[in-house]
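J.: Dumping the structure here so I can ask a few things about it.
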């Protein structure tokens, strides 16, 4: 009991950083015959990578991010490369969400390979969390400097 009280007091006296772990979350889900990719990222992380990112117009932010994603991520569905297209962008006070769709994905996905270096080189200890919501299953993966490539079989 004494330990619990001491711990709680420590949290109030010395609050933790607002965001201790730099991470982005990628969610791949089927939607109306397409595969939708949502990328959730902290604005603070984007501002750390691009000094004037917060000042850019929405279309400029979308262009910067879509170019960056195209060069730092690579998706293979059933061993064929696929590009993300039709980006949209939304944001709140602290987060930015980028929505994209894969151009004509296969009807039945048998395997996915992802090469992902999103913010890994720019931010020390950055982590990418990958959620794949396919075939009535949720599969989650962690990617970082040591693990930049995953292959998932269905």
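J.: For the pair residue 133 and residue 111, what calculated FRET efficiency results from E = 1/(1 + (r/R0)^6), where r is the Cβ-Cβ distance and R0 = 22 Å, to the nearest 0.05?
T.: That gives a FRET efficiency of 0.85.
J.: Report the paramagnetic label zone for residue 57: residues of segment 81-105 whose backbone N is under 19 Å from a point 7 Å from Cα along the Cα-to-Cβ axis.
T.: 87-91
J.: OK, next. Rounded to the nearest 500, what is the 222 nm mean residue ellipticity of the chain from helices alone, with -39500 (n - 2.57) per DSSP H run of 4+ residues and division by all residues?
T.: Estimated from H runs of four or more residues: -6500 deg cm²/dmol.
J.: Return the distance in nm (one decimal) between the two label points of a simple spin-label model at residue 147 and residue 125, each offset 7 Å from Cα along Cα→Cβ.
T.: 1.8
J.: Next question. With axes computed from alpha carbons, what is the tilt in degrees of helix 58-72 against the longest principal axis of the chain, rounded to the nearest 10 within 0 to 90?
T.: Compared with the principal axis, the helix lies near 80 degrees.
J.: Relative to the longest principal axis of the chain, what angle (0 to 90°, nearest 10) does the C-alpha long axis of helix 2-13 take?
T.: 80
J.: Tell me, in nm to one decimal, what length is gained between residue 44 and residue 87 on full extension, where the rule is 0.36 nm per residue of separation less the Cα-Cα distance?
T.: 13.4 nm
J.: Still on this structure: Given that just one value was derived from the coordinates, which of (i) 65; (ii) 58; (iii) 51 is percent of Cα pairs over 19 Å apart?
T.: Only one option fits the structure, namely (ii).
A short reminder: the numbers here are calculations on the coordinates, not readings from a lab. Keep in mind that this is a model prediction, so the values were computed, not measured. Cβ coordinates were reconstructed from backbone atoms using ideal geometry, including for glycine residues, and neighbour counts include every protein chain displayed.
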